[in-house]
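Enquirer: Could you have a look at this structure, given as structure tokens, before my questions?
The values are calculated or read from the model by the stated rules, or taken from the named source; none is laboratory data. The structure displayed is predicted, hence computed values, not measured ones. Glycine gets a Cβ as well: all are built from the backbone with ideal geometry, and neighbour counts include every protein chain shown. Just so you know, the surface numbers come from the protein's heavy atoms only, side chains and all, with ligands and any DNA or RNA stripped out. Shrake-Rupley method; radii C 1.70, N 1.55, O 1.52, S 1.80 Å.
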Amino acid sequence: MSVTEHYSIKEVEYLTGISAYSLRAWEKRYRALLPHRTVTNIRYYDGTQLRRLLNIATLLPLGHKASRLIALPEEELQSLVLKATEAQIDAPMQAHINNMVAAMLSFDENTFDKIISSMIIKFGLYEAMLQLIYPFLRKTGVLWTTSNTTPAQEHFASNLLQRKIQSALDALPCASDLSKRFLLFLPPGEMHEIGLLLSDYIIRSKGLSTIYLGRDLPYDSLDFASQHGRVTHMLTFLTSVTDALQHAEHLGKIAHKQHCQLLICSTLNSNTTPVSDHIHWLKEPGDLFTFL
């Protein structure tokens, strides 16, 4: 078994919402879903077990008993999940998130796409991002920061999400308000574009103009674009780069030089972030709506 199919009980608890206490109790009571053991006797679960537990976690809030679900064959369990998801349009969002995690782990594009598409149709892209996609990304972050998902699984999910946002962006009309122009980019070392693409959508949906430069942008290119693009605002994310505060300070100097306002989306502690008239910190997606 590869390391990519190796999930600790804490990771399973976080991803499924099923407590470690319940997992241990089920193990003893039903002698089912028995975890594997390391040479030092530490529990771990494989990918098939995790996906089964995600299905159980989806069905438990709908009135099903754990004892029955644990005993069901895999095909019957999956059939129940499918029926429950289709029947309950207003089902708890957690069920959809669980299904997305399971679909990501098994490269199930049809299920992944169906969930996202239905939520976008129901709520619109922005609300779907807030209620479904961002929580999904937060939940799977416990995997993406360890060796428990391969780059292939991460890229699979990320690319499908980016495709949806790109499609929504293509449907927007050209900018009608040219009084502000936003330059969107990710600094060197920052690679995850989903938040940046959503920001592009939010800004353009307000009729404002953007210049989208994408990920891992060299600083000399940023300086050139901000100078020659008649930019009033720059927007970036600092989530995974090392030395994020140094990046923020350097970007603040560029914004000051080009007479721009810099918007930084980050979860950095506000007590340690640089203070400047040229820097505005955004902690949540809704902060950008408020700013605009």
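Enquirer: Can you name the residue in the range 26-47 that is open to solvent by less than 60 Å² (accessible area, probe 1.4 Å) and out of contact with any helix residue (DSSP H, G or I) (no Cβ under 9 Å at 6 or more places or on another chain) and is also nearest to residue 136 (Cα to Cα) among such residues?
Expert: Result: 27.
Enquirer: When residue 17 is evaluated against the numbered criteria (1) small (Gly, Ala, Ser); (2) surrounded by fewer than 12 Cβ atoms within 10 Å (Cβ to Cβ); (3) within 23 Å of the chain's Cα centre (by Cα), which criterion, by number, is the only one it fails?
Expert: (2)
Enquirer: Looking at the range 53-66 only, could you name the residues that are in contact with a helix residue (DSSP H, G or I) (Cβ under 9 Å, 6 or more places away or on another chain) and not in a helix (DSSP H, G or I)?
Expert: Narrowing the range 53-66 to residues in contact with a helix residue (DSSP H, G or I) (Cβ under 9 Å, 6 or more places away or on another chain): 53-62, 64, 66.
If the condition is that a residue be in contact with a helix residue (DSSP H, G or I) (Cβ under 9 Å, 6 or more places away or on another chain) and not in a helix (DSSP H, G or I), then 64 is the only one that fits.
Enquirer: Just one of the numbered conditions (1) in contact with a Pro (Cβ under 9 Å, 6 or more places away or on another chain); (2) loosely packed, with under 13 Cβ neighbours inside 10 Å; (3) among the acidic types (Asp, Glu) is not true of residue 76; which one?
Expert: (1)
Enquirer: Follow-up. How about the range 53-73: which of its residues are polar (S, T, N, Q) and either closer than 19 Å to residue 15 by Cα or open to solvent by 80 Å² or more (accessible area, probe 1.4 Å) (or both)?
Expert: Step one: list which residues in the range 53-73 are polar (S, T, N, Q), which gives 55, 58, 67.
Matches in the range 53-73: 55, 58.
Enquirer: Can you name the number of the only condition in (1) open to solvent by 60 Å² or more (accessible area, probe 1.4 Å); (2) in a helix (DSSP H, G or I) that residue 158 fails?
Expert: Tallying (1) open to solvent by 60 Å² or more (accessible area, probe 1.4 Å); (2) in a helix (DSSP H, G or I), residue 158 fails exactly one: (1).
Enquirer: Whether any residue in the range 108-122 is within 26 Å of residue 201 (Cα to Cα), in contact (Cβ under 8 Å) with a residue 12 or more places away in the chain and within 14 Å of the chain's Cα centre (by Cα) is what I want to check.
Expert: yes
Enquirer: Going by the conditions given, is residue 50 in contact with a helix residue (DSSP H, G or I) (Cβ under 7 Å, 6 or more places away or on another chain) and open to solvent by less than 30 Å² (accessible area, probe 1.4 Å)? First the steps, then the outcome.
Expert: Details: in contact with a helix residue (DSSP H, G or I) (Cβ under 7 Å, 6 or more places away or on another chain): yes; open to solvent by less than 30 Å² (accessible area, probe 1.4 Å): yes.
Yes: the conditions hold for residue 50.
Enquirer: Is at least one residue of the range 173-185 out of contact with any helix residue (DSSP H, G or I) (no Cβ under 6 Å at 6 or more places or on another chain), among the basic types (Lys, Arg) and under 28 Å from residue 219 (Cβ atoms)?
Expert: There is at least one residue in the range 173-185 that is out of contact with any helix residue (DSSP H, G or I) (no Cβ under 6 Å at 6 or more places or on another chain), among the basic types (Lys, Arg) and under 28 Å from residue 219 (Cβ atoms).
Enquirer: Need a quick list: strands (runs of 3 or more DSSP E) entirely within the range 167-271 having at least 2 residues that are open to solvent by less than 10 Å² (accessible area, probe 1.4 Å). Reasoning before the result, please.
Expert: Details: elements: 177-185, 208-214, 233-237, 261-265.
Output list reads 177-185, 233-237, 261-265.
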